Every structure is written in structure tokens, then in C-alpha cells.
1. Of T289, P53, G303, whose Cα points farthest to the positive end of the dipole of the chain (charges on the beta-carbon: +1 Lys, Arg; -1 Asp, Glu; origin at the Cα centre)?
2. Give K44/K259; K44/K100; K89/K239; K52/K251; K119/K177 a once-over and call out the pairs whose C-alpha atoms are over 28 Å from each other.
3. List, in order, the whole-Hz ³J(HN,Hα) value for each residue of the range 196-205 obtained from phi through the Karplus relation with A = 6.51, B = -1.76, C = 1.60 and θ = phi - 60°; use x for Gly and Pro.
4. With labels modelled as points extended 7 Å from the Cα through the Cβ direction, what inter-label distance (nm, one decimal) is found for H54 paired with D199?
5. Considering the zone a paramagnetic label at D84 would reach in this model (a point 7 Å from Cα along the Cα-to-Cβ line), which residues of the range 120-152 have amide N under 12 Å from it?
6. Enumerate the residues in the range 214-230 having an amide nitrogen under 13 Å from the point lying 7 Å beyond the Cα of K239 toward its Cβ.
7. Just to verify a number: FRET efficiency for D104 and M1, C-beta to C-beta distance, R0 = 25 Å, to 0.05?
8. Ordered by residue, what ³J(HN,Hα) values in Hz, to whole numbers, does the range 311-319 give under the Karplus form 6.51 cos²θ - 1.76 cosθ + 1.60, where θ = phi - 60° and Gly and Pro are x?
Amino acid sequence: MSVDEQILYSLRQSDGAPVSGAELAQRLGVSRAAIWSRIEDLRKLGYGIEAKPHQGYRLVSTPDAIYADDLMARLAADRIVGRDIRVFKSTNSTNDIVEKLAVDGAQQGVVVFAETQSKGRGRMGRKWISAPGLGLYFSLLLKPDIAPAQTTQYTLATATAVRRAVARSTGLEANIKWPNDLLAHGLKLAGILTELRADPDRVQYLLIGIGINVNHAMEDMDPEVSNIATSIRIQTGQKVHRSDLAVSLLKELDDEYRKLREGSFQQVAEEWERYCSTVGSNVTIRMGTRQVCGYAEALDEQGCLLVRNESGRLERIVGGDVTLEKTIYPNF
Ligand code: BTN
């Protein structure tokens, strides 16, 4: 743990009660002057830390910016996701940074955030516009011992975790569109980009990139996407504390991947199906030059979509771009 992480951890643990400089210095094994100097630097980063004579320091507010030490101070000690966190002011794409870390032998669970990306990318060669300081743009490295065909399970688990974190932190109940979009009132709120390096029968590593439109107002939306995208703020009318949401996301992701490691994909799939707007809908799926139209019946055990096509045959869809045509409400 870094000194900042330990200071922030201690101040948060005290639940608003002041923590003396002497106590912090003793806990961390550094001088009181060193504590004072780190507190000054944390204040410069935007942390509201009150100092009361003869009582100590109290954390009264936190900035909206993403600060790795603070995120780590708020996560469980036995976590995999977020065991190491790096934050960039700006980068090309956080997936590229995580890929470099993977090639250099980084452990699974490392997470890279960026306040903006100059070449953020989405699925099917699309770009992901990353307005500075308004969204959450991050990628994580996983090294599951799975066959490449099981990768879809990780995309679905990611979507479930992101949906749950958004709902718990902001009250916004988004829908999931197979395999990886989060929608609110039919507009795109978040996207997931899963990339992998694999041998023919085994995955070497997965790069999972997540982009969420958080505090964008209508005028912050790029004109290219303003008729198809939305943000949490637009939907709820409330600004979101991005670092609180980031902590919640990392916790939910850690929980969800744990379920997969323990062989409980069924549990993930059940939650996914509950919030999915694809299963039970008529869909058109584009896969390169091929197109399948039909009724999305279910997910299979690998997370692939089972679509009854127009000639009545069940097709198993591994990946593609889904357009929802019309929802069928069985009880109407
Ligand atoms: C999609 O909806 O097509 C997926 C969008 C994924 C965007 C995220 S933002 C963080 C990470 N870095 C990228 O370049 N892309 C992903």
C-alpha cells in the first residue's frame, strides 16, 4: 500500500472521527511531517481534509477525479479486479495500455483508467468518443483458464456487473442488449469491448474495456452519437460522483468474475436474462456480410444467442451487431 492509500484508508475507516497525525505516523511508520506533507498534496488533488488542533485529520469531501490510491483504499484486500490500478489523464486507448501490460507479464486484475482517450474504440471497428472527465473509460486484464469459445461468458458477466453497479449507485435500471451494450430507454449508456489473445484451445488473456457515459449533459454528446446515446446524468437528472461509481464497478466486476471462476455461469446468465432486452425480441444480427433475422429465444451455456431464424431453424450466434426489431410480450 502506498502512503496515500494508507492515509485515505485510515481516514475512511474512522467514519468521520478525526485521526491524529501521530497515530497516522505510527501506523504508517513515517514521520508526522511526512504525513502533513502528503495531506497537503492530497488537498491539492481536491480531497477536503480538515485538520483540527489536538484532534487530527478528517476526510470531509472527495474530488470527482479518479485517483488510483483512493480507489485501492476502498476495495477489499483479497480482490483480483483492481489489485493494481493505473490512471492516465489521456491515452490512445486503455485497451492498448492493458495489452502492453499483459505482454510485459502483468498479473491479471490490473485496471487502467483514462480521463480521456484519443483513439477509444468500440466493437466492429467503431470509435468510442471519450469526453474528458465526464465518463468512465477503463480496461482490465484477465487470465482465465478457458477455451476461446467461453469468452462470451466474460462479456456477459461484465455487462451484468456494470448494470448492477449503475443501478446500485445511481438508481438507474438499464437494460442489456446482447452481448455487450447497456441501454436506457433504447439509448446507449455503456459499451464493453472484449479483446483476446489465444492459442487455438486456450485463452492467454482477455482485455475487457468498458466505456460509460456518466456526467454528459445533452450538449456534451458528440453530434455523431447524440441521437443514439445517453448518459446517467441525462437519464436521472443527477450528477454522479465518478470515483464512487468506479469503486462500485470494480467490486461488482470482482464478484461476477469470481462466480465464473467457481463455475456458476448459470447464476450470471439468469441475472443477465432478467435484464436483457434481446431475449424475447425479434432481432436482426449482422455478422460481417451475413445477416440473420429471427426471434431471440435464449442464451446457451456459453453465452451465445439462440435465434430462431425465418425458416424456423435455431441458429447459435457467437458475435455480431444486434438490432432489436420489436419486443414480443408473451402475456399480451
Ligand atoms: C462498444 O460499445 O462498441 C464498446 C465500447 C468500449 C469502449 C471502452 S472505453 C475503455 C476501453 N478503451 C477503448 O478503446 N475502448 C474501451
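What follows draws every value from the coordinates through simple rules; no lab data is involved. On a predicted model such as this, the values are computed, not experimentally measured, just so you know. Counting neighbours? That spans all protein chains shown, and the Cβs are built from the backbone with ideal geometry, glycine included.
1. P53
2. From K44/K259; K44/K100; K89/K239; K52/K251; K119/K177, over 28 Å: K44/K259; K44/K100; K52/K251.
3. Those phi angles translate into 9, 10, 8, 7, x, 10, 9, 7, 7, 7 Hz.
4. In this crude label model, H54 to D199 measures out at 6.9 nm.
5. Backbone N within reach: 141.
6. Those under the cut-off are 215-217.
7. 0.65
8. 9, x, 8, 8, 10, 9, 9, 8, x
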